[in-house]
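Notes follow once the structure below has been shown.
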Amino acid sequence: MNVFVINSGSSSIKYQLIRMPEAAVVCSGLVDRIGLAGASIHHKAYIRGKELARKESIPIPDHASGLKAVSGLLTDSEIGVIRDPKEIEVVGHRVVHGGESFSKTMVITSEVMEKIKKLFPLAPLHNPPNYLGIEVATQIFSRAKQVAVFDTAFHQTMPPVAYRIAIPNEFYEKQGIRNYGFHGTSHKYVSERAIDYLNKKASKIITIHLGNGCSMSAVKNGMCIDTSMGLGPMNGLIMGTRTGDLDQSVIFHLVNQLGYSLNEVNTLLNKKSGMLGLTGHSDMRDVKVEYQKGNKQAILAYEMYAYHIKKYIGSFTAVLNGLDAIVYTAGVGENDSLTRKLASSQLEYLGIHLDEKKNEAGGKGIYEINKEDSPAKILVIPTNEELEIAWQCATLLV
């Protein structure tokens, strides 16, 4: 089964063609700067054990033209991996917000499309481009089944005590205002890998997804029972440009005392805060350079970043009533030993004993960075959201 996985953003399309059930990545790429100057496609194909790459800088006015260009690369005489777009049997779409309507992967119908559209107000930056990606893919890959995999679905097993917000009931009952959580595809993937690694289905695991966006989940026996993000993806941990947890009074102070508009506050908290606001850099690699130079702002920012992770490790260990493992994943979690060191140190009371040499040495695949006698494992597990989407599509349609 050829599964073409699409992650459609406002001005970009990430994609992978994965052959299932072998889980073989046939090609991958990024359509960047859609509708903007300097648009390009970065495409990689894996043919007979070799990686072939091509970059094209061409006008890409909209998502339709972007996917048409990708379709051309898929069937290209030199770098193509299929002969005809009709060979794509399934298109798997990452959809960020599924609300309470979707707790599992769904074949996309007109009814599903309508529900995704109704959720636009809950994810105005994400669901509209996801929706557009589905519309365009339906036209180009007309014979393929279109499947939606929702970022929020994994968190739908949370109990009301975790997802309800203490505001009048009518806001939940009529408007669906509650905690939903995000990065669910990643949390599901790495928690399942951790359960396999531990060989322990009755398990208590905390998954820590650290990229530009950051979130954590408490996973008991394979099911999410709590997560750090809420109605939208701003809550919880400090992120690249987002604040994480915030006293609501700050918003009122910005508006009522400092004269900010609500749009300005939204931009400030979503796009100008987090590590960017604290250091001037949103990329942790840049912040780390400043940290190593002894920059006081970078040192404080790193310590704050790790401190928030530690707070959630403590609270989620309490919710789980025990702990078998914590899992670091995504760009920062997989690659930044300094973050792992700061966030995992001085947690011995919870059974977490970091081995600093193992942490610095790193590894490949799934590896431990805990001491041999540590009651709880500290695991680093590379995430693969595209593969998880492909697996869910294949499982649904077999």
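The values are calculated or read from the model by the stated rules, or taken from the named source; none is laboratory data. Just so we're clear, the structure is a prediction, and the values are computed from it rather than from any experiment. When we count neighbours, we look across all protein chains shown, and the Cβ atoms used for this are built from the backbone with ideal geometry, even at glycine.
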VAL136 at negative phi, among the aliphatic types (A, V, I, L, M) and in a strand (DSSP E or B)
no
Scan ALA37, ALA64 and give me the residue that is surrounded by fewer than 20 Cβ atoms within 10 Å (Cβ to Cβ), closer than 21 Å to PRO124 by Cα and assigned by TED's automatic domain parsing to the domain that holds PRO124.
ALA64
Test for THR227: is it closer than 19 Å to GLU386 by Cα and touching a residue at least 24 places away in the same chain (Cβ under 8 Å):
no
Being among the basic types (Lys, Arg), in the same structural domain as ILE313 (by TED's automatic domain parsing), in contact (Cβ under 8 Å) with a residue 12 or more places away in the chain and surrounded by 15 or more Cβ atoms within 10 Å (Cβ to Cβ) narrows it down to one of LYS272, LYS220, so name that one.
LYS220
So VAL149 fits all but one of (1) in a loop (DSSP other than H, G, I, E, B); (2) in contact with a strand residue (DSSP E or B) (Cβ under 8 Å, 6 or more places away or on another chain); what number is the exception?
(1)
Which condition does GLU372 not pass, out of (1) under 22 Å from the mean Cα position of the chain (by Cα); (2) surrounded by fewer than 15 Cβ atoms within 10 Å (Cβ to Cβ), if it passes all the others?
(1)
Out of curiosity, is SER337 hydroxyl-bearing (Ser, Thr, Tyr), within 24 Å of LEU300 (Cα to Cα), free of Cβ contacts under 8 Å to residues at least 24 places away in the same chain and surrounded by fewer than 23 Cβ atoms within 10 Å (Cβ to Cβ)?
no
Those residues of the stretch 83-120 which are part of a helix (DSSP H, G or I) and among the β-branched types (Val, Ile, Thr) amount to VAL112, ILE116
Here the qualifying pairs (Cβ atoms under 6 Å; residues six or more apart or on different chains; first in the stretch 292-310 and over 15 Å from SER215 (Cα atoms); second surrounded by fewer than 20 Cβ atoms within 10 Å (Cβ to Cβ) and not small (Gly, Ala, Ser)) come out as ALA298/GLU290; ALA301/LEU278
